[in-house]
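Enquirer: Have a look at the structure that comes next, please.
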Amino acid sequence: MAGRKMILGMALTDGYGNLAGAWRAPHVDADNYARIEANIRYAQAAERGGFTFLFTPDFPAVRGDVELSTLSNIMDPMMQLAAISQATSRIGFVATGSTIFQEPFNTARQFKALDVMSHGRAGWNAVTTSDPAVSANYGRPVADRGMRYQRAHESIQVVEALWGSWQKDAWIKDQTSGRFIDASKLQPVNLEGEYVASRGPLAIPPSEQGQPVIFTSGGPSPHLLQLAGRYASGVIAEVWTIEEARAQREMVRNAAREAGRDPDDIKYFAGLMTTVAPTVREGLDRRLALAGDVIEARLPHLGALLGLHIEPSRYDEPLTPRQLAAAHASPMDPRSSIALDVARGGWSPRDILAHGVIDYHPTTVGPAKVHADHLQEWFEAGAVDGFWLSPDIYEDGVDAFVDEVVPVLRARGIYPEHYVGATLRENLGVPRQYGPDPRVMNGRAG
Ligand SMILES: Cc1cc2nc3c(=O)[nH]c(=O)nc-3n(C[C@H](O)[C@H](O)[C@H](O)COP(=O)(O)O)c2cc1C
């Protein structure tokens, strides 16, 4: 534990921020969805704060009510990260790529090319796409879990084999003798599974970190744990409480042990959404100004979450002592205990929701100490190796975190002063790997 430092990543979603209505903020350029320059600025700000990676989720489809909210996805992760890689020098890139709809040869080629052109900063968040809108864009229905995970295992094995197919010392490039490559060290992989196959080799040399780092994301199902345990160096999680995170992290570490790996070779990241403001009140007001309509629509659900009836006429009054005494957290929904804690702080129902208690991930609102306390508590409880953060509004939310929260984390000795190295592997603290991991016995999924 001593000397262990927290690792931070930042989600890059739509160019605006995770707060509903971020795109409408007066200081935000509404064109940012299509402006790579904005994403470059946010990446540079995160790099200034020593962030280890940017994480791009990817659901390539038009989903939800785009009449009133944004597309919640950047245009194309690989294209955009390639551009960002040329305007940064230390921050890594964990891009989501489907094991279901991408052929492993495409994945191997694109990610290794990004790894080489970023000098060893690329990662692949390998997902088993289950979204019907995404599946429809590829002209296929959502396949069952067994098939998706079998295909995921095969895809990752083919990708890793292709990455290693250009052997480390294959490239002679001797201008005097005229020998370019030692062809005996650039040989086919000839892999064929039930769902995917590739001959290879892949004509891309090693990067400074060898090959991209593999991540995965999702809940702790036996399927996902087996996949993560065998191949992943990072897991992107969605988790609400320290207890839940600690249990999940232990499951992930055990899965790595079972696959024959060292549990420290796999890092577990919880999500956190942040609003940095001089006071909690100012933070809540910033959130209400932009997401007030979304919060208004959720108000009727808060009573259900707390087991109470709340009159709409009292949405702006703190809960009464009687209500607080009667309120109880549902054991079925970890968010309800967070809502109850906030309610006990004397906040009104509207303000309770402005704290983000029923958003997608835990939310911290207020001055630097609020954020630093949350991060430190989870980290020191052994619940995480780090976090993937979603700032409320990128335009000023990344700088605010970097300028205000990062110095507090550093002063507390739990966050690195500088980048440890130049590659994503070094900054994550995971070992070098080239080709498949020899410790992992690959068999059929299941
Ligand atoms: C935090 C988090 C982020 C995720 N990001 C993506 C993503 O960007 N794209 C995607 O297709 N799936 C994403 N997933 C979904 C999972 O990879 C997985 O496909 C989903 O949970 C369905 O589970 P199953 O495949 O085990 O049935 C994400 C899941 C979590 C928890």
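The values are calculated or read from the model by the stated rules, or taken from the named source; none is laboratory data. Remember, it's a predicted structure, so these values are computed and weren't measured experimentally. For neighbour counting, all protein chains shown are included, and Cβ atoms are generated from backbone atoms with ideal geometry for every residue, glycine included. In case anyone asks, the SASA skips ligands and DNA or RNA and just uses the protein heavy atoms, side chains included. Shrake-Rupley method; radii C 1.70, N 1.55, O 1.52, S 1.80 Å.
Enquirer: Cα centroids of region 166-226 and region 379-446: how far apart, whole angstrom?
Expert: Centre-to-centre (Cα) distance: 25 Å.
Enquirer: What residues qualify as long-range amide H neighbours of Trp388, i.e. H under 5 Å apart, gap of 5 or more or another chain, H built at 1.01 Å from N?
Expert: Gly9, Ala270, Gly271, Leu272
Enquirer: In a Gaussian network model over the chain where Cα atoms closer than 10 Å are linked, find which of Tyr268, Tyr394, Tyr195 has the largest mean-square fluctuation.
Expert: Highest fluctuation of the listed residues: Tyr195.
Enquirer: Compute the long axis of helix 222-231 from its Cα atoms, compare it with the longest principal axis of the Cα atoms of the chain, and write down the angle in degrees, 0 to 90, nearest 10.
Expert: Approximately 50 degrees, to the nearest 10.
Enquirer: How compact is region 160-270 by the rule of thumb for globular proteins, expressed as Cα Rg over 2.2 N^0.38 Å?
Expert: This ratio for region 160-270 stands at 1.42.
Enquirer: Right, here's the next one. If you take every residue apart from Leu324 with its C-beta less than 14 Å away from the C-beta of Leu324, what net charge results, scoring Lys and Arg +1 and Asp and Glu -1?
Expert: +1
Enquirer: Find the Cα radius of gyration of region 280-363, compare it with 2.2 N^0.38 Å by division, and give the number to two decimals.
Expert: This ratio for region 280-363 stands at 0.99.
Enquirer: Can you work out ³J(HN,Hα) from phi for every residue in region 283-289, in order, using Karplus 6.51 cos²θ - 1.76 cosθ + 1.60 and θ = phi - 60°, giving whole Hz and x for Gly and Pro?
Expert: Going residue by residue, I get x, 5, 5, 4, 6, 5, 5 Hz, with x marking Gly and Pro.
Enquirer: Anything over 28 Å Cα to Cα? Flag those among Lys112/Lys369; Lys112/Lys185; Lys173/Lys267; Lys5/Lys185, in the order listed.
Expert: Cα-Cα > 28 Å for Lys112/Lys369; Lys173/Lys267; Lys5/Lys185; rest within.
Enquirer: Another question, then. If packing is taken as the average number of other Cβ atoms within 10 Å across a peptide's residues, how do 101-113, 288-300 rank, most packed first?
Expert: With the highest mean Cβ count within 10 Å placed first, the list reads 101-113, 288-300.
Enquirer: Across region 194-205, in residue order, what do the Karplus-derived ³J(HN,Hα) couplings come to in whole Hz, using 6.51 cos²θ - 1.76 cosθ + 1.60 with θ = phi - 60° and x for Gly and Pro?
Expert: Coupling constants for region 194-205: 6, 10, 9, 7, 7, 8, x, x, 9, 7, 9, x Hz.
Enquirer: Please identify, among Val357, Val370, Val127, the residue showing maximal mean-square fluctuation in a Gaussian network model of the chain using a 10 angstrom Cα cutoff.
Expert: Evaluated over the chain, the most mobile residue of the options is Val370.
Enquirer: Can you bin region 1-154 into rounded, prolate or oblate? Criterion: square roots of the alpha carbon gyration tensor eigenvalues sorted a ≥ b ≥ c, rounded for a/c under 1.5, prolate for a/b above b/c, oblate for the rest.
Expert: In terms of gyration-tensor shape, oblate.
Enquirer: So how tilted is helix 334-344 from the main axis of the chain? Cα-based, degrees 0 to 90, rounded to 10.
Expert: So the inclination is approximately 40 degrees.
Enquirer: Taking the chain as the region of interest, what is the percent of Cα-Cα pairs per 20 angstrom bin, listed from the shortest bin to the one with the maximum distance?
Expert: Once binned at 20 Å, the Cα pair distances of the chain give 24, 55, 18, 2, 0.
Enquirer: Which of these, Leu319, Leu81, Leu68, has the largest mean-square fluctuation under a Gaussian network model of the chain (Cα springs below 10 Å)?
Expert: Result for the chain, Cα springs under 10 Å: Leu68 fluctuates most.
Enquirer: If you line up the long axis of helix 36-48 against the longest principal axis of the chain, both from Cα atoms, how many degrees apart are they, to the nearest 10?
Expert: Tilt relative to the chain: about 90 degrees.
Enquirer: Let me ask another. Evaluate the relative contact order of the chain (contact order divided by residue number), counting alpha-carbon pairs under 8 angstrom at least 6 apart; express in whole percent.
Expert: With pairs under 8 Å counted, the relative contact order is 22 percent.
Enquirer: Then there's this: So, in Å, what gap is there between the alpha-carbon centers of region 355-374 and region 81-136?
Expert: Measuring centre to centre over Cα atoms gives 29 Å.
Enquirer: OK, next. Compute the accessible area per residue over region 353-400, keeping the other protein chains in place, probe 1.4 Å, unit Å².
Expert: That works out to 25 Å² for each residue.
Enquirer: Name the GluC sites (Glu not before Pro) in region 383-434 that are in a loop by DSSP and that have at most 10 other C-beta atoms within 10 Å, would you?
Expert: Glu417
Enquirer: How large, in percent, is the carbon and sulfur part of the accessible surface of the chain at a probe radius of 1.4 Å?
Expert: 54 percent
Enquirer: Work out from phi, with θ = phi - 60° and the Karplus expression 6.51 cos²θ - 1.76 cosθ + 1.60, the ³J(HN,Hα) of each residue of region 151-159, listed in order in whole Hz, and give x for Gly and Pro.
Expert: Rounded to whole hertz, the list is 5, 5, 4, 4, 4, 5, 5, 5, 4.
Enquirer: Mind listing the long-range amide H neighbours of Gly92? Cut-off is under 5 Å, sequence gap 5 or more, other chains count too, H placed in the peptide plane at 1.01 Å from N.
Expert: Phe53, Leu54
Enquirer: Restricting to DSSP H runs of at least four residues, report the calculated mean residue ellipticity at 222 nm for the chain, -39500 (n - 2.57) per run over all residues, nearest 500 deg cm²/dmol.
Expert: Taking each H run of at least 4 residues, the total per residue is -11500 deg cm²/dmol.
Enquirer: For Ile172, what residues show an amide H to amide H distance below 5 Å, using hydrogens built from the backbone and excluding near sequence neighbours?
Expert: Here the answer is Ile181, Asp182, since their amide H atoms fall under 5 Å of that of Ile172.
Enquirer: With charges only on Cβ, +1 for K and R and -1 for D and E, what is the dipole size of the chain about its Cα centre, in debye, rounded to 20?
Expert: Roughly 1120 debye for the chain.
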